[in-house]
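K.L.:
One structure, as structure tokens, below. Some questions next.
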Amino acid sequence: MSQVEVTPVEGVEPFRFSDWNEFEAVIVAEEAEWSWLLQAEATDGALTVRDKVRAGYAALRRRAVQARNQSQSVRVMADAVTAAYAHDGALVHHAEELADRINEARKLLGDHGGIFVYGFQRGVVGMADAKSPDDLRAALWTIAPAIEDTASLADLLRRERTNARNTVRGIVRDSEASASAQNEEWRALLAKARLQSLRWARRRARRWRDVARAWDARYVTAVESIRAVEQSYREAMALQAPVEYWNAKATAHRTAERKARIRLQWFFPVALILIVGMFAGSAAYLLTVPTTALPPGLYFIASAGLAAAAGLLFWIGRLLTKLYLSEHHLRHDAEERAVMTTTYLALTAEQAASDTDRQIVLNALFRGTSDGIVKEEGGLDPSIAAMLAKAMVR
């Protein structure tokens, strides 16, 4: 396997490795040069720098483990090393010029100052991250490395402290003014919200009143409807029995009418045949017997008997006809009463029947029923005037 050479920074010895073990050895050697930084007890801005450098070496190792697990060549690490040691990277080569400046600052300012200079040069921290005197001295040394006198550094630090205090006071004043403005805005917003809430509450109250009135109207309508239904139900229950009664009566009269019609259809042909037979038999007998052998009164008796028989047959036929007509009349009457009762129930269900209509319907329902037989078949009036009147009517 050919050896890989990576020059992270111009002017320094390149990294050389041909396998993953040699690459790990290179990284370990580079870490050893910065062991003072990686193992230092740092705070504030220096702590950020130390963690950033540790993360840089950890990232190289993770990339190596990933490539090794994927059976990739060690050459893929060339780009990762170059990116880690670039100007915007987190790592610094121990042999480059920047490393000398960092070590110089370490000798003058201590490990904490050296770490902050490392981060300041790499862009990891800035002046805003200088929160302790050590960080400030390291930042000032980075800007002006020639300042080594403690008195000068102290004077600069005092001026910097004064400027920082003035900046803090300005920030406090600005924050107080901002807080006061925010409080005013909040008061105005709360007043506006209170006004809006009152308007909303009034609108909702009006709507609730309208809804309550609507529900009251619905309640009254529902109660009236329930009462009307209850009254209709009572009317229906009161008249349902008459409807069933008259329907049953109509069915019974219809059956009786059909039977009476059948009797009439059979009676009149049979009666006609009997009359014709009697007259024909009597005539044949009288014609076959010599007139001298018969007494004269026999013809009168025969005529009277035939007339009486014929009258009897016609009287029976008339009675059967009246029975048929009576059943027909009673059937129509029962059907009319059932229809009137059903119609009245329908009108009551729709609340279209008044008290006058009720009285008319009830009078019609409970009127007397005449079958047409008893009146005409009652006792005879023996007076001559009554007999003449009946004959004229007929």
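The values are calculated or read from the model by the stated rules, or taken from the named source; none is laboratory data. Since this is a predicted model, take the numbers as computed values, not measurements. A quick note on method: Cβ atoms are made from the backbone with ideal geometry, for glycine too, and the neighbour counts reach across all protein chains shown.
K.L.:
Checking A90 against (1) surrounded by fewer than 18 Cβ atoms within 10 Å (Cβ to Cβ); (2) modelled with pLDDT under 80: exactly one of these is not met. Which one?
P.N.:
(1)
K.L.:
Scanning the stretch 51-85 for residues that are touching a residue at least 60 places away in the same chain (Cβ under 8 Å) and either of a type in the set (A, V, I, L, M, F, W, C) or buried (at least 16 other Cβ atoms within 10 Å of the Cβ) (or both), which turns out farthest from E31 (Cα to Cα)?
P.N.:
V74
K.L.:
Sticking with this one: Can you list residue pairs whose Cβ atoms sit under 9 Å apart, with the first residue in the stretch 274-294 being surrounded by fewer than 10 Cβ atoms within 10 Å (Cβ to Cβ) and the second being modelled with pLDDT under 75 and not hydroxyl-bearing (S, T, Y)? Count only pairs 6 or more apart in sequence or on different chains.
P.N.:
Close Cβ pairs satisfying both conditions: none exist.
K.L.:
So, one more: Can you name every residue in the stretch 319-341 that is in contact (Cβ under 8 Å) with a residue 60 or more places away in the chain, under 10 Å from A250 (Cα atoms) and either under 57 Å from the mean Cα position of the chain (by Cα) or surrounded by fewer than 18 Cβ atoms within 10 Å (Cβ to Cβ) (or both)?
P.N.:
Within the stretch 319-341, H328, A334, E335, R337, A338 meet the criteria.
K.L.:
Can you find a residue that is part of a helix (DSSP H, G or I), in contact with a Ser or Thr (Cβ under 6 Å, 6 or more places away or on another chain) and at pLDDT below 70 anywhere in the stretch 347-363?
P.N.:
Yes, some residue in the stretch 347-363 is part of a helix (DSSP H, G or I), in contact with a Ser or Thr (Cβ under 6 Å, 6 or more places away or on another chain) and at pLDDT below 70.
K.L.:
Which of (1) at pLDDT 85 or above; (2) closer than 30 Å to H328 by Cβ; (3) exposed (fewer than 12 other Cβ atoms within 10 Å of the Cβ); (4) not hydroxyl-bearing (S, T, Y) does A241 not meet, given it meets every other one?
P.N.:
Only one criterion is unmet by A241, namely (1).
K.L.:
Continuing with the same structure: State the number of residues belonging to the stretch 85-124 that are closer than 16 Å to S35 by Cβ and either among the acidic types (D, E) or not in a helix (DSSP H, G or I) (or both).
P.N.:
Result for the stretch 85-124: 6.
K.L.:
Between a residue in the stretch 251-263 that is under 16 Å from E335 (Cα atoms) and any residue that is among the aromatic types (F, W, Y) and part of a helix (DSSP H, G or I), which pairs come within a Cβ distance under 7 Å, given they are 6 or more apart or on different chains?
P.N.:
Close Cβ pairs satisfying both conditions: E257/Y324.
K.L.:
When the residues of the stretch 22-42 are filtered to those that are in a loop (DSSP other than H, G, I, E, B) and surrounded by 15 or more Cβ atoms within 10 Å (Cβ to Cβ), which remaining residue is modelled with the highest pLDDT?
P.N.:
W34
K.L.:
So is A304 within 27 Å of E257 (Cβ to Cβ), of a type outside the set (D, E, K, R), in the same structural domain as F267 (by TED's automatic domain parsing) and modelled with pLDDT under 85 or not?
P.N.:
no
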